[in-house]
């Protein structure tokens with residue numbers, strides 16, 4: 001009984017110390033995410049390339065990323081990257097994210113693709129591993145592109161090995 005009381009009393013300072021260290025740890029500034037491109041890999045898969053800027057003076061480890069791609073505000077594709085991504089301190093990283101093409105959703109965006117330009121946008125959430133646990137961040141980005149250039153790139157991507 002006395003041992004249990006002593007163990008409880010010792011666990012209180014240990015828990016308090018962990019909380020203090022977590023609170024005093026460096027705060028993570030949100031990495032900036034920019035949409036660079038959306039390119040076809042096959043008729044079923046595309047690749048989203050994002051530019052990620054880590055403003056922190058320390059490396060950040062991204063554990064997972066969930067994302068959606070829109071064509072003129074119409075959802076056309078979703079994806080998830082479970083492979084960890086390391087962002088060097090105060091550095092920019094280019095990373096590719098696989099994207100399963102949802103043809104039902106993509107068909108809804110055809111009217112937007114008949115215009116001269118179209119806005120591709122990406123929205124999502126990523127999870128960062130820290131000393132204090134996991135933290136979640138949201139991101140979004142968009143890019144206006146010439147439809148003809150994107151269609152040519154997409155068609156070329158379908159026939160490349």
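The values are calculated or read from the model by the stated rules, or taken from the named source; none is laboratory data. No experiment lies behind these values; they were computed from the predicted model shown. Ideal geometry is used to build each Cβ from the backbone, glycine not excepted, and the neighbour counts take in all protein chains shown.
A residue that is in contact with a helix residue (DSSP H, G or I) (Cβ under 6 Å, 6 or more places away or on another chain) and on the phi > 0 side of the Ramachandran plot cannot be found anywhere in the range 83-93. For the range 48-82, the set of residues classified as touching a helix residue (DSSP H, G or I) at 6+ places or on another chain (Cβ under 9 Å) and in a strand (DSSP E or B) consists of 71, 74, 75, 76, 77, 78, listed by residue number. For the range 103-140, filtered to residues that are part of a helix (DSSP H, G or I) and surrounded by fewer than 13 Cβ atoms within 10 Å (Cβ to Cβ), the residue that is farthest from the chain's Cα centre (by Cα) is 111. The conditions of being part of a strand (DSSP E or B), at pLDDT 85 or above and more than 15 Å from residue 38 (Cβ to Cβ) are not met by residue 144.
Across the range 147-161, the qualifying residues are those that are under 23 Å from residue 33 (Cβ atoms) and in contact with a strand residue (DSSP E or B) (Cβ under 9 Å, 6 or more places away or on another chain), and the one among them that is surrounded by the fewest Cβ atoms within 10 Å (Cβ to Cβ) is 154. A Cβ distance below 7 Å, combined with a sequence gap of six or more or placement on separate chains, defines the contacts here; from the range 121-133, residues that are closer than 13 Å to residue 83 by Cα reach residues that are modelled with pLDDT under 90 and not in a strand (DSSP E or B) in the pairs 128/28. Of note, residue 85 does not satisfy the criterion of being touching a residue at least 40 places away in the same chain (Cβ under 8 Å), in contact with a strand residue (DSSP E or B) (Cβ under 7 Å, 6 or more places away or on another chain) and under 28 Å from residue 31 (Cα atoms).
Here residue 87 meets the list (1) modelled with pLDDT of 90 or more; (2) surrounded by fewer than 18 Cβ atoms within 10 Å (Cβ to Cβ) almost entirely, failing just condition (2).
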